[in-house]
Structures are given as C-alpha cells and as structure tokens.
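The values are calculated or read from the model by the stated rules, or taken from the named source; none is laboratory data. Just so it is clear, the model here is predicted, and its values are computed rather than measured. Cβ sites come from the backbone with ideal geometry, for glycine too, and all protein chains shown count toward neighbours.
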Amino acid sequence: MNGTELSPWRGRLAIRVESEPAQVFSAAFELSGSAPAGALTLFTPLGTTAAALSWTPEGGTLRSNSEVRQFATLGALMRQTLGAELPITALFAWLAGDTAVSDGWQVDLSQRPNGRITVRRQSPLPTAEMRVVLDP
C-alpha cells in the first residue's frame, strides 16, 4: 500500500474499549486522504455530522458542535474522539484488504470480501475492539 487513497471509505464503525467503565462508540463514517494527511467524518444516526477530524504531520483538528479543538498528535486526537488510539497507517491498509502489522493490534480480514473488518488491541491495556462495516 502506498498510503494514497483515490476515494473515501464509507461505512459504519463501532469501537469498544474495556476500561472502567467500558467506553463504547459507534457512528457512520467517511475516511479520506492517507495516513500522513487525512480526514475522518463521523455521522449521527440521522446523517448529520457529529464530528469532523483532520490531520497532517503537524497535528490534528476536531470540529464538533461548532467547537474547534487542536491536538499536537493524531494519537491524542483519536483518543479524545474515539476512546482509543487507532493505528491509522494500518487502518488504511486493512480497509484495502492488506494484513498490515501494527504493534498490539490483530486484524481479522476473513470477512473483508463482505465488507466487514474486525480489529482487536491486546496491548497496551485496556483492550479494545473495532468493527467496521463498509458500504458497498
């Protein structure tokens, strides 16, 4: 994978972080760009924008409810928004069907032909699971 996406990925995602208390997040999404510079838009069940995330090598921005917040790193942006620091480089690869390796994360692409991906983080704790269902 060369890190360049020609079109956005769309679908639904659900993340569960086994913290105390457990954190659960789900939304429709659109992911575009690449790992170094991209954008992730999260939508409510009614289709309105819940949050818009964007990042570059210099940091990340979260736009939500007419509020704009800046983050020094993409990891901090993801932790604040989704409850877990997702491995963005690997995520782009997984969406494309590549079994990229990311420390602590294990991907199951067996249902990728049906548009489904499951990813589990064993370390660092707390454990986390992300399920993605891509739009056809």
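Data for the structure
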{"read-out": "Residue satisfying all of: in the stretch 69-87; outside any loop (DSSP other than H, G, I, E, B) and small (Gly, Ala, Ser); modelled with the lowest pLDDT among these", "value": "GLY75"}
{"read-out": "Count of residues meeting criterion [modelled with pLDDT under 95 and either hydroxyl-bearing (Ser, Thr, Tyr) or more than 15 Å from LEU74 (Cα to Cα) (or both)] in the stretch 28-40", "value": "1"}
{"read-out": "Within the stretch 88-126, tally of residues that are out of contact with any Gly (no Cβ under 8 Å at 6 or more places or on another chain), surrounded by fewer than 14 Cβ atoms within 10 Å (Cβ to Cβ), among the polar types (S, T, N, Q) and not in a helix (DSSP H, G or I)", "value": "4"}
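Let's see how each residue does on (1) surrounded by fewer than 14 Cβ atoms within 10 Å (Cβ to Cβ); (2) among the acidic types (Asp, Glu); (3) in contact with a Leu (Cβ under 8 Å, 6 or more places away or on another chain):
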{"position": "ARG12", "(1), (2), (3)": "no, no, no"}
{"position": "THR41", "(1), (2), (3)": "no, no, yes"}
{"position": "THR44", "(1), (2), (3)": "yes, no, no"}
{"position": "SER66", "(1), (2), (3)": "yes, no, no"}
{"position": "GLN80", "(1), (2), (3)": "no, no, yes"}
